[in-house]
Structures are given as C-alpha cells and as structure tokens.
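The values are calculated or read from the model by the stated rules, or taken from the named source; none is laboratory data. Predicted, not measured: the structure shown is a model, and the values here were computed from it. For neighbour counting, all protein chains shown are included, and Cβ atoms are generated from backbone atoms with ideal geometry for every residue, glycine included.
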Amino acid sequence: MSRMRRSLTAFAVGAALGAGALAVTPAAAAAPRDCPDRALCAYWLKDYKSTPAHPRQKVFENNRDLSRYANFNHSAGGSLFNNGRRCHVKVYKEKNYRGRGWQLNRGTGWREIGAWNLPHIWSNKWC
C-alpha cells in the first residue's frame with residue numbers, strides 16, 4: 001500500500017471513530033419540567049420525582065439554613081437539579097456553608113443522592 005493511501009486510510013478510520021464518539025456523547029440534561037429557571041430544585045424521590053405529601057421545593061438565592069425544607073433536610077434518596085442561568089451551586093450538609101461543599105454545575109442534577117455523602121442539605125451558595 002502506498003504511503004499516500006495509508007495516510008488516507010488512517011485519516012478515514014480516525015474520522016469515523018471520531019464521528020462515532022460524537023454520536024454516542026450524551027446531550028446536556030434537560031431540566032425537569034417543574035424546576036423553574038434560576039432555581040435549585042430538590043425532590044423527595046430519585047429521578048426528579050415528588051409525592052403529593054412532598055412536592056418539589058425550590059430556592060433561588062444563597063441560603064444559610066435550609067433545614068426547614070423537608071426535601072433538603074431529608075435529601076438522601078431524593079434528587080437535586082441546578083437550573084441556574086449563570087453558575088454552579090455548592091451545597092453543604094452543615095448550616096452557614098460550613099464543612100465540605102459539593103458542587104452541582106449549572107444545567108445538571110443528581111438523579112439520586114446517597115445517604116453516605118449528603119443525608120441532608122442544610123445550606124447552599126451560588127458561585
């Protein structure tokens with residue numbers, strides 16, 4: 001095989017692999033329909049689902065104490081979505097932004113929150 005032909009074959013294989021990789025790359029997650037623009041939304045159940053007794057709860061600003069909100073106070077097993085416009089949000093399991101913060105990027109969510117890392121979310125701070 002000539003040098004030119006090998007180069008073209010290598011290019012074609014690389015292009016095909018690259019196109020295949022692009023085809024399977026997941027699109028950005030769509031916000032849950034009931035999560036308003038600019039909100040951090042907490043759901044009682046995984047996969048952004050709620051119950052009549054525990055509807056979706058939302059906050060829009062920095063909050064030093066979220067313990068009064070059931071979905072934030074009992075976050076384990078629930079879900080969270082950042083529908084902010086400009087930045088990420090950090091959530092903390094302590095009030096007043098204390099302790100380790102977990103960053104949730106804009107336009108993304110956690111489909112199920114594990115009890116081992118965030119049994120409750122007691123404060124949040126936007127970038």
Residues satisfying the stated conditions in region 77-101, i.e. polar (S, T, N, Q) and closer than 12 Å to Tyr48 by Cα:
Ser79, Asn82
Just checking, how many residues over region 68-83 are surrounded by fewer than 20 Cβ atoms within 10 Å (Cβ to Cβ), within 19 Å of Trp126 (Cβ to Cβ) and small (Gly, Ala, Ser)?
0
Please go through region 84-97 and give me each residue that is assigned to a loop (DSSP other than H, G, I, E, B) and under 13 Å from His120 (Cα atoms), ordered by number.
Lys93, Glu94
For Gly107, all conditions in the list (1) on the phi > 0 side of the Ramachandran plot; (2) surrounded by 15 or more Cβ atoms within 10 Å (Cβ to Cβ); (3) not in a loop (DSSP other than H, G, I, E, B) hold save one; what is the number of the exception?
(3)
I'd like to know if region 35-44 contains one or more residues that are farther than 15 Å from Gly109 by Cβ and modelled with pLDDT of 95 or more.
no
Exactly one condition in (1) assigned to a loop (DSSP other than H, G, I, E, B); (2) among the basic types (Lys, Arg); (3) in contact (Cβ under 8 Å) with a residue 60 or more places away in the chain is false for Lys125; which is it?
(1)
Could you tell me whether any residue of region 63-79 is under 19 Å from Pro32 (Cβ atoms), charged (D, E, K, R) and part of a loop (DSSP other than H, G, I, E, B)?
no
